[in-house]
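Read the figures in this text as sums done on the coordinates, not as results from a lab. Note that the coordinates shown come from a computational prediction; the quantities given were computed from them, not determined experimentally. Quick reminder, even Gly has a Cβ in these numbers, built from the backbone with ideal geometry, and neighbours come from all protein chains shown.
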Amino acid sequence: MFEADQSPPSARTRLRIHLGEPVGLGPGKVELLARISATGSLSEAARQMGMSYNRAWLHIQAMNKHFKSPLVTSARGGAAGGGASLTETGRQVLALYGQLEAEAETATEHTRRQLHRLLRL
């Protein structure tokens, strides 16, 4: 429940795109991509999400394998330090997912408002 001085939660649409049997793209993977873009680090992105580095790396490997070109490139640590960054394809996927979310929000606004009116808040 929410406190009296807080606004009630609003209904919103969350997308999960199934791109074939082996790979899907949803809020978690998109957040991981966005955090890699912001931090330049897979380990930092994983830490911020409360996810193990290994799990984050498995997600990146799966996405890199199933898209026509990799979404993320990485460099091992060392004297110059390591890091991770989105490729052009990764930036396009992130932007297109954001566009899909915006379109879904617009398309479902009326129905979400109706559903929201039925919630016990």
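Residue-wise, which Karplus ³J(HN,Hα) couplings in Hz belong to the stretch 92-105, taking 6.51 cos²θ - 1.76 cosθ + 1.60, θ = phi - 60°, and x for glycine or proline?
Each residue's phi maps through the Karplus curve to give 5, 4, 4, 5, 5, 5, x, 5, 4, 4, 4, 5, 5, 4 Hz.
Using modelled backbone amide H atoms (1.01 Å from N, in-plane), which distant-in-sequence or interchain residues come within less than 5 Å of Ile17's amide H?
Residues meeting the amide H criterion: Leu25, Gly26.
Amide H neighbours of Val72 under 5 Å, counting only residues 5+ apart in sequence or on other chains, H built in-plane at 1.01 Å?
Thr87
HN-Hα J couplings of the stretch 63-71 from phi, Karplus 6.51/-1.76/1.60, θ = phi - 60°, integer Hz, Gly and Pro as x?
5, 4, 6, 9, 9, 4, 9, x, 8
Considering amide H positions built from the backbone, and no H for Pro or chain starts, which residues 5 or more places from Ser41, or on another chain, come under 5 Å of its amide H?
Sorted by chain and number, the residues that satisfy this are Ala84.
Which part of the stretch 89-103 falls in the paramagnetic zone of Thr13, meaning amide N under 18 Å from the point 7 Å along Cα-to-beta-carbon?
94-103
Could you tell me the calculated FRET efficiency between Thr73 and His116, based on Cβ-Cβ distance and R0 = 35 angstrom, to the nearest 0.05?
So, using R0 = 35 Å, E works out to roughly 0.25.
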